[in-house]
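The values are calculated or read from the model by the stated rules, or taken from the named source; none is laboratory data. Worth saying up front: this structure is predicted, and the values here are computed from it rather than measured. Glycine gets a Cβ as well: all are built from the backbone with ideal geometry, and neighbour counts include every protein chain shown. Please note that ligands, DNA and RNA were not included when accessible areas were found on the heavy atoms of the full protein model with its side chains. Shrake-Rupley method; radii C 1.70, N 1.55, O 1.52, S 1.80 Å.
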Amino acid sequence: MEIVWFTTFAVLLAGYFALEGFDIGLGVLLPVLGRSPAARDRLVGAMAPFVLANEVWLLALAGVLFGAFPALEGTVLSGLYPLVVVVLLAWIVRDAGLWFRRRAGGARWRLVWDGAVCAGSAGLALGWGAALTAVARGLPDSPLDPLGLAGGVALLALLAWHGRTFAAWRLDGARGGALLLSACAAALPAVLVVAGAAGRMLGDAAPDQTLTVLGVMVVPFVPFLVGAQVWVWRTFSKGALPTFF
Amino acid sequence: MDVVDLARLQFAVTGNLHFLFVVLTLGLAPLVAIMHTRLAITGNPLYERMTRFWGQIYVINYALGIFTGLVMEFQFGLNWSGLTSYAGDVFGTPLALETLLAFFLESTFLGLWIFGWHRLPRRLHVACIWLVTLTAYASALFIMVANSFLQHPAAAVEEGGRLVLRNFGALFTNPSLVAALPHVLGAGVWAGGSVVMGASAYHLFRRTAEREFFTRSLRIGVLAVVVGSFVTVWFGYTQFDKVASIQPDKFKGVVPALGIALMMGLGQLVLLVVWCLAPLLFRDLLARWRWTHPVLMIIAPAPFGLVIAGWLTREVGRQPWLVYGKLSVADALTPGLTPAAITASFAAFVGVLGLLAVVDWTLIIRAVRRGPGEVALGAPDQSADPAPTPAHSF
């Protein structure tokens, strides 16, 4: 059972970076690719219908960590305390930008929340990069040293590229091959880090009874989880852009 | 304040903020779903406007529910790792099920519902809002299962200094859960109905142009308050026996005693007022008699104060325990958590979430005041082609 839940964890983490990675990257590039308010509306409209379905992969990941690897959950989150706080705040600021940018009129209002989308996305990328670097190094005392920052900047560049290929695919009719490639690349660092931590994770899994209960409860719903995600992609991959975000 | 106090206060403030938004989500979701279903059956454009207007209020409110929920989800690992290392094998299960089976689907279907206007077939679009409602209620179930386990750690035994799950079913038949869950869900319907009722009364009192719109909305809101307040009060009383058997000293402290007094006093007063006014729905007398509208507006915020009183009673009343009788709050704190770390995270989370909550409430009030004339939810899509660059004139 440990192997099953470890694989689930790895798939969710890879999925998070492959999917939410392009939202983050596009957010970082918002002022670069979207010089005018109309251009930014278009970029946000491209990713908007995917964001809710993408960011839940991380919540599901936290759930699996909590349910199947509870001992590790406390160690890792509290071990990365400042980085977890930064990632959470950046996530909230980015989401607030998306939810609020069109909720009131005025160019200045829109500009402020577009800035929140960009800053929040950058914070997410930098924070995640530093966090992955810290886990790979075995949770050092000060994860925000030059090496951690370098990891953050590297992930930021990778996700920005991923966001760029998503925008080219959704808005400019580019083929899906490049997007698939950048998605795999975006997931790769996280997958490598988790593979490196596999021994530690398998040793720290919850007892079999807990894992079995979780499995019995979750497996029947997997078709619904997958189906809902597929439905999102089938609905929003083509055509005009929704305007709510 | 020491580290434990700050960590507790952080949990209390973020938890209560979360509760204020979530309780409205739980109440508005089924009301919007009912409106959308009526639209699908009748094709009446009035129901389309109602679905979009109240749906937009629901969605604006939902955003802060997510933001505060994120902090709640990760706070256990940040500040309370003693809880996960002692009880995580049991407590983690309902939380994992909440994210995988409830929130994952809720958020995905909500995205389909928000952005799916003009592209989903009507029946499937309605199905989305019902799936959002269903998964929101599943979320509430799993969170209450987790909380009830902390109140009364049934289903588990201690082995080698840790709690081990022995009987999964017993998590769901916990005496701390069975009456508290309908109590909270009733409060949700009450809060959702109350917002619809208060906002409709505001427009009717101001005599804005949307008379029919808000007359119908008022009916839905008042009926939801009638049902919700009854369920809440009924299952409030049925909890007394159960609490007496599992936490006999629950109401001895000042805060729980005040909380329970407020819930019983103010709660039943509001219930009485709404039950007395509800018969005036006959022939829409309530919408026509203008003197009733300020009364409805004044009692509209009551359920939000009452849910905070309920939370304080339930949570303060079990101190000093985190897992009742097993693990104290102080022992659950993350080992080595420094005053600097907890102070900084407290300031950051409470500052950012507090600010965004104020922005969100302002946006909700603004959307209510503007009325159904300008609603962004379900507005036309825009072309995916780039906007033409303005021609320069020389």
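Some points to look at:
- Contacts under 7 angstrom Cβ, first residue in the stretch A:218-245 being within 7 Å of another protein chain (Cβ to nearest Cβ) and assigned to a helix (DSSP H, G or I), partner crowded, with 19+ Cβ neighbours inside 10 Å and among the polar types (S, T, N, Q), 6 or more apart: A:A228/B:T108; A:Q229/B:T108; A:V232/B:T108
- Selection of the stretch B:64-85 for residues being within 7 Å of chain A (Cβ to nearest Cβ), open to solvent by less than 10 Å² (accessible area, probe 1.4 Å) and either within 23 Å of B:A170 (Cα to Cα) or free of Cβ contacts under 8 Å to residues at least 24 places away in the same chain (or both) yields B:L70, B:G77, B:T84.
- Residue within the stretch B:163-175 that is free of Cβ contacts under 8 Å to residues at least 12 places away in the same chain and either among the acidic types (D, E) or touching an Asp or Glu at 6+ places or on another chain (Cβ under 8 Å) (or both) present: no
- Qualifying residue in the stretch B:315-326 (condition: in a helix (DSSP H, G or I) and either open to solvent by 30 Å² or more (accessible area, probe 1.4 Å) or within 13 Å of chain A (Cβ to nearest Cβ) (or both)): yes
- Condition met for B:R290 (assigned to a loop (DSSP other than H, G, I, E, B) and either open to solvent by 50 Å² or more (accessible area, probe 1.4 Å) or at pLDDT 95 or above (or both)): yes
- Which numbered condition B:F149 fails, given (1) open to solvent by 10 Å² or more (accessible area, probe 1.4 Å); (2) in contact (Cβ under 8 Å) with a residue 40 or more places away in the chain; (3) part of a helix (DSSP H, G or I): (1)
- The residues on offer are B:L131, B:L105, and the sole one that is among the hydrophobic types (A, V, I, L, M, F, W, C), without any contact (Cβ under 8 Å) to a residue 60 or more places away in the chain and surrounded by fewer than 22 Cβ atoms within 10 Å (Cβ to Cβ) is B:L131.
One line per residue, one yes/no per condition, for (1) hydrophobic (A, V, I, L, M, F, W, C); (2) facing chain A (nearest Cβ under 10 Å); (3) not in a helix (DSSP H, G or I):
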{"site": "B:Y58", "(1), (2), (3)": "no, no, no"}
{"site": "B:Y62", "(1), (2), (3)": "no, yes, no"}
{"site": "B:A87", "(1), (2), (3)": "yes, yes, no"}
{"site": "B:F91", "(1), (2), (3)": "yes, yes, no"}
{"site": "B:A102", "(1), (2), (3)": "yes, yes, no"}
{"site": "B:E106", "(1), (2), (3)": "no, yes, no"}
{"site": "B:H118", "(1), (2), (3)": "no, yes, yes"}
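- Those residues of the stretch B:169-180 which are part of a helix (DSSP H, G or I) and open to solvent by 30 Å² or more (accessible area, probe 1.4 Å), in sequence order: B:G169, B:F172, B:P175, B:V178
- Checked against the criterion of being touching a Ser or Thr at 6+ places or on another chain (Cβ under 7 Å), at pLDDT 95 or above and in a helix (DSSP H, G or I), the stretch B:358-367 has no qualifying residue.
So that you can scan it fast, the table gives a plain yes or no per residue for (1) open to solvent by 10 Å² or more (accessible area, probe 1.4 Å); (2) at the interface with chain B (Cβ under 10 Å from one of its Cβ atoms); (3) in contact with a strand residue (DSSP E or B) (Cβ under 8 Å, 6 or more places away or on another chain):
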position	(1), (2), (3)
A:G67	no, yes, no
A:S78	yes, yes, no
A:V84	yes, yes, no
A:W91	no, yes, no
A:L98	no, yes, no
A:R108	yes, no, no
A:G115	yes, no, no
A:A119	yes, no, no
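- Qualifying positions in the stretch B:5-52 - in contact (Cβ under 8 Å) with a residue 60 or more places away in the chain, small (G, A, S) and more than 19 Å from B:L356 (Cβ to Cβ): B:A7, B:G27, B:A29, B:A33, B:A40
- So B:A7, is it open to solvent by 10 Å² or more (accessible area, probe 1.4 Å), hydrophobic (A, V, I, L, M, F, W, C) and either in contact with a Cys (Cβ under 7 Å, 6 or more places away or on another chain) or modelled with pLDDT of 95 or more (or both): no
- Scan of the stretch B:333-389 for residues that are more than 10 Å from chain A (Cβ to nearest Cβ) and polar (S, T, N, Q), ordered by number: B:T343
- Which numbered condition A:A206 fails, given (1) open to solvent by 40 Å² or more (accessible area, probe 1.4 Å); (2) in a loop (DSSP other than H, G, I, E, B): (1)
- Filtered residue count, the stretch A:192-236, keeping only those that are of a type in the set (S, T, N, Q) and modelled with pLDDT under 95: 3
- The selection criterion, being closer than 30 Å to B:W54 by Cα and surrounded by fewer than 14 Cβ atoms within 10 Å (Cβ to Cβ), holds for B:G354.
- Flag if B:L141 is open to solvent by 20 Å² or more (accessible area, probe 1.4 Å), in a helix (DSSP H, G or I) and without any contact (Cβ under 8 Å) to a residue 40 or more places away in the chain: no
- Candidates B:R162, B:R207, B:R166: the one that is over 26 Å from B:L97 (Cα atoms) and open to solvent by 10 Å² or more (accessible area, probe 1.4 Å) is B:R207.
- Residues in the stretch A:162-178 that are away from every other protein chain (no Cβ under 14 Å) and either buried (at least 20 other Cβ atoms within 10 Å of the Cβ) or among the basic types (K, R) (or both): A:H162, A:G163, A:R164, A:T165, A:R175.
- Sole residue being more than 9 Å from every other protein chain (Cβ to nearest Cβ), open to solvent by less than 10 Å² (accessible area, probe 1.4 Å), within 19 Å of A:A186 (Cα to Cα) and touching a Gly at 6+ places or on another chain (Cβ under 6 Å), chosen from A:L26, A:L30: A:L26
- Scan the stretch A:133-150 for residues that are under 23 Å from B:L70 (Cα atoms) and open to solvent by less than 20 Å² (accessible area, probe 1.4 Å) and the total you get is 2.
- The sole residue among A:A197, A:A178, A:A150 that is touching a residue at least 12 places away in the same chain (Cβ under 8 Å), in contact with a helix residue (DSSP H, G or I) (Cβ under 7 Å, 6 or more places away or on another chain), aliphatic (A, V, I, L, M) and farther than 30 Å from B:E158 by Cα is A:A178.
- Residues in the stretch B:144-171 that are within 23 Å of the chain's Cα centre (by Cα) and aromatic (F, W, Y): B:F149 only.
- Enumeration of residues in the stretch A:109-157 that are touching a Ser or Thr at 6+ places or on another chain (Cβ under 8 Å) and closer than 28 Å to A:F245 by Cβ: A:G152
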